[in-house]
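The values are calculated or read from the model by the stated rules, or taken from the named source; none is laboratory data. Note that the structure is predicted; figures quoted are calculated from it, not measured. Glycine also receives a Cβ, built like all others from the backbone with ideal geometry; neighbour counts cover every protein chain displayed. Quick note on the areas: whole protein, heavy atoms, side chains included, nothing else; ligands and nucleic acids left out. Shrake-Rupley method; radii C 1.70, N 1.55, O 1.52, S 1.80 Å.
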Amino acid sequence: MNNDTIHSKMIVIVNLFNKKLINDASFYKKVILVDDNDKKKAKIKAKDIKSLSFTNLFDNKMTYVNDGNQLQILVYNGKIKWYKSISQNIMDGSISYHDYLVNESGTVFPLGLFNHRKNQLSKAIANHPELLKEIEDQRMDNIDLLDILTRYNDSKN
């Protein structure tokens, strides 16, 4: 949180069936760093981490940012930011993700079961009528949402 940068290896848990899938439970609350010899370990609590960036095993850049006491995924960083907060079931250890958007003024637009993506995105970009028309014609999966956010970010308004 004090703007230090650490370049290190970290210990992660991978999926039992697909060794390229990294389990977010490995580090969303605490990161375990190891030296080059895999001998010394250091634990850093998520509340002390401003952001965590790495390239995953699918060669995609991942960014996690501080959300108080844990890390959350920063899916898109623009005029409107798209986050995925992470929660873990204490009974079985399963991970759940909860998407939300945050506009330039800090207003939060939760995306989920009772907050349909089209409705929330329409509220978030209400000052762009040309994009509002396109939202109605989309299914609004992750690719459609990312497309609209990118075009909103590239617009002049």
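For Lys50, state whether it is open to solvent by 40 Å² or more (accessible area, probe 1.4 Å) and within 16 Å of Met10 (Cβ to Cβ).
Yes: the conditions hold for Lys50.
Do you know which residues across segment 78-104 are of a type in the set (Val, Ile, Thr), within 19 Å of Gln120 (Cβ to Cβ) and assigned to a loop (DSSP other than H, G, I, E, B)?
Residue satisfying the conditions is Ile80 alone.
For Tyr83, are the conditions met, namely being free of Cβ contacts under 8 Å to residues at least 60 places away in the same chain, under 26 Å from Lys43 (Cβ atoms) and open to solvent by less than 30 Å² (accessible area, probe 1.4 Å)?
No: the conditions fail for Tyr83.
Being surrounded by fewer than 17 Cβ atoms within 10 Å (Cβ to Cβ), closer than 23 Å to Asp154 by Cβ, under 17 Å from the mean Cα position of the chain (by Cα) and of a type outside the set (Asp, Glu) is true for just one of Lys61, Lys123. Which residue is that?
None of the other options fit; the residue is Lys61.
Since Ser53 meets every condition but one in (1) over 27 Å from Asn153 (Cα atoms); (2) out of contact with any helix residue (DSSP H, G or I) (no Cβ under 8 Å at 6 or more places or on another chain), which condition does it not meet?
Among (1) over 27 Å from Asn153 (Cα atoms); (2) out of contact with any helix residue (DSSP H, G or I) (no Cβ under 8 Å at 6 or more places or on another chain), Ser53 violates only (1).
Within segment 12-47, work out how many residues are farther than 17 Å from Ser85 by Cβ, part of a strand (DSSP E or B) and either touching a residue at least 60 places away in the same chain (Cβ under 8 Å) or open to solvent by less than 60 Å² (accessible area, probe 1.4 Å) (or both).
The qualifying residues number 8.
Taking interchain pairs and intrachain pairs at least six residues apart, which have beta carbon atoms under 6 angstrom, with the first residue in segment 101-124 and farther than 13 Å from Leu149 by Cα and the second β-branched (Val, Ile, Thr) and surrounded by 12 or more Cβ atoms within 10 Å (Cβ to Cβ)?
These pairs meet every condition: Val108/Val102.
Go through segment 50-85 and report how many residues are more than 15 Å from Tyr28 (Cβ to Cβ) and acidic (Asp, Glu).
1
Condition (residue is under 21 Å from Asn15 (Cβ atoms), of a type in the set (Val, Ile, Thr) and at pLDDT below 95) applied to segment 90-97: is it met by at least one residue?
yes
Which residues, counting only those in segment 96-114, are open to solvent by 50 Å² or more (accessible area, probe 1.4 Å), farther than 12 Å from Gln72 by Cβ and of a type outside the set (Gly, Ala, Ser)?
Once the filter is applied, which keeps residues that are open to solvent by 50 Å² or more (accessible area, probe 1.4 Å), farther than 12 Å from Gln72 by Cβ and of a type outside the set (Gly, Ala, Ser), segment 96-114 yields Glu104, Thr107, Val108, Pro110, Leu113, Phe114.
Spot the failing condition for Asp144; the list is (1) of a type in the set (Asp, Glu); (2) more than 26 Å from Val14 (Cα to Cα); (3) in contact (Cβ under 8 Å) with a residue 24 or more places away in the chain, and only one is missed.
Every listed condition holds for Asp144 apart from (3).
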